[in-house]
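The values are calculated or read from the model by the stated rules, or taken from the named source; none is laboratory data. All figures in this text were calculated on a predicted structure; none of them were measured in a lab. When we count neighbours, we look across all protein chains shown, and the Cβ atoms used for this are built from the backbone with ideal geometry, even at glycine. SASA here: full protein model, heavy atoms, side chains in, ligands and nucleic acids out. Shrake-Rupley method; radii C 1.70, N 1.55, O 1.52, S 1.80 Å.
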Amino acid sequence: MNMKIGELAQLAGCKDVTIRYYENQGLMGSPKRSSGNYRLYDGEDVERLHFIRHCRENGMNLNEIRELLSYKDGAGGDCDWVCELIDSHVSNVDSQIRSLKKLKEYLKSLRVQCNGGNSAESCRIMQSLTGTKK
């Protein structure tokens with residue numbers, strides 16, 4: 001099964017420029033070429049692109065994906081480092097959640113300062129944001 005880049009992009013839910021970028025970054029192999037010099041992809045490319053996209057959706061950076069692909073391609077060793085990678089991402093997500101909760105509380109505290117209907121000059125939210133509470 002050979003497909004062109006547009007077909008692969010559609011299957012993976014991304015743009016063809018994304019596929020070219022992954023190729024340039026060494027995440028996707030160099031594709032076969034048609035007689036008209038069109039890139040041609042097969043089922044393995046679809047699987048690899050889905051893997052890359054899934055990793056990206058789960059917060060992996062390109063270097064991490066490169067390492068995961070190398071391991072997936074048979075680099076050997078045990079998967080302890082993969083567990084550590086995921087643990088690190090979980091810790092990062094926990095930190096982001098804490099930060100977002102603080103931001104939410106701050107925004108809620110701002111919101112209770114004004115009931116609307118004021119000019120920008122007398123809006124207590126605007127005053128708080130500019131540090132000019134009156």
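Multiplying the residue separation of Leu11 and Asp78 by 0.36 nm and removing their Cα-Cα distance gives an extension gain of 20.9 nm. Each residue, His50 and Ile97, gets one label point 7 Å from its Cα in the Cβ direction; the gap between the two is 2.9 nm. Bridgeable aspartates and glutamates around Lys32 (alpha carbons under 13 Å apart, same-chain partners fewer than 8 residues away excluded): Glu23, Asp42, Glu44, Asp45.
Go through [x] 37, 14, 12; [y] 27, 17, 13; [z] 47, 23, 10 and flag the label whose value is the computed semi-axes √(5λ) of the Cα gyration tensor in Å for this structure. Looking at semi-axes √(5λ) of the Cα gyration tensor in Å for this model, the match is [z]. What FRET efficiency comes out for the pair Ser88/Arg20, r = Cβ-Cβ distance, R0 = 41 Å, nearest 0.05? So the FRET efficiency works out to roughly 0.90. Per residue, the accessible area of segment 46-134 comes to 74 Å² when a 1.4 Å probe rolls over the protein heavy atoms. Extension gain, Arg111-Glu67: 0.36 nm per intervening residue step, less the Cα-Cα distance, totals 11.3 nm. Could you tell me what percent of the accessible area of segment 47-89 is made up of carbon and sulfur, with a 1.4 Å probe and every protein chain present? For segment 47-89, the apolar C and S fraction of the accessible surface comes to 48 percent. With respect to the chain, whose longest principal axis is taken over its alpha-carbon atoms, helix 80-111 is tilted by about 30°.
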